[in-house]
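A.B. asks: Structure in structure tokens, see below.
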Amino acid sequence: MKFKSTIFSLFGICLSNLIVSQDIHFSQMEFSPLAINPALAGANHSFQGIVNYRSQWNSVAQPFQTSAASFDARLNKSAKSRNGYLAAGVFFFSDNAGEPRISTTNINLNLAYHLVLGKKSTFGLGIYGGYGQRAMVSPTGRWATQYDGFSYDQSVSSGETFTNLSFSYIDAGAGLLYTYGSNSGYISQNKTRKFNIGLAAYHLNQPNHSFVGDGNEVLPIRISAFANAEIGIQNTTSAFMPGLYYQNQGSASQIFLGSYYKLIFNGGSKYTAYEKPFSLSIGLFGRWQDAFVGKMLIEWDNYSMGMSYDINTSSLSSVSNFRGGFEVFLRYSMLRKK
């Protein structure tokens, strides 16, 4: 039991160190759009508001919890102008990690312009500027230097000195996005074809991210690339929604891929507001060498709700008992003005 407790604590230390130098992430990436590309502001909806919540590593120690909210909208009076349209967005998140309770709070303002290439496609450029704050609620914690190889000794000095228990920073980044969208018109035909392909860079100014006085730890640039789609299966009431996401930050990288299977119960009506579109989607995704992720998505009219659960499959699964993270989101969106 003492050995297992030691492993649990070391596991928490490793996770805390990872959180220090890397961004938050959600398993339902397509529903935290401004976290993967600032050009997604206004790209697929006249406006949308999303709230996200994630809790992970509950089986190990102090759970890591992340809450986020975003809002984006097209600024033009019409949904799209002839040549292009401007959009704006706000993204906020709060993250609390590990036994030292390292908290990170960010708010970013996004601005995007989408050039209309044709009736079905656009090319967008997005930028963001933001303000962040980090704090360490409990600087005591447990440190690797306090382990003698067999057990944890709290009386041993950690050797860690913190000159700042909280600090703030300015953040900036940019992204490019291509979108293509074609709807079937009738549910029986189901010729829907929608694609998003994007590339973005976060923390281009590499702000200082250190709790110690020398300030030699910066927040590395995060490269985010993704492609997702909705592809209707012709002459059926179902569709596939595949996605591929790649993140790289410092020495860490992540590949996340999979697909939803969408079953459409009601396609809605063009002629009356009483017929509301309704669908249910089930997804299976995988984070390379880390986890399998099961997802469920319900869409009704302008509302969406989804949840997911990560099943840890990495070398830490013996400690985590294969339990990773639970996640949920709620979204309100409009494809066009009414």
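A.B. asks: Only one of (1) at pLDDT below 80; (2) among the β-branched types (V, I, T); (3) surrounded by 12 or more Cβ atoms within 10 Å (Cβ to Cβ) is not met by T161, so which one is it?
C.D. replies: (3)
A.B. asks: From the list G267, G213, exactly one residue is on the phi < 0 side of the Ramachandran plot, buried (at least 19 other Cβ atoms within 10 Å of the Cβ) and at pLDDT below 90. Which is it?
C.D. replies: Exactly one residue qualifies, and that residue is G267.
A.B. asks: Does L316 meet the test of being more than 20 Å from S182 (Cβ to Cβ), at pLDDT 95 or above and not charged (D, E, K, R)?
C.D. replies: no
A.B. asks: Output the number of the condition that Q289 fails; it satisfies all remaining conditions of (1) touching a residue at least 60 places away in the same chain (Cβ under 8 Å); (2) not in a strand (DSSP E or B).
C.D. replies: (1)
A.B. asks: Shifting gears a bit: Quick check on my filter: what residues within the range 186-207 are modelled with pLDDT under 90 and buried (at least 16 other Cβ atoms within 10 Å of the Cβ)?
C.D. replies: I187, N190, T192
The values are calculated or read from the model by the stated rules, or taken from the named source; none is laboratory data. No experiment lies behind these values; they were computed from the predicted model shown. FYI the Cβ positions are ideal-geometry reconstructions off the backbone, even for glycines, and counts take in every protein chain you see.
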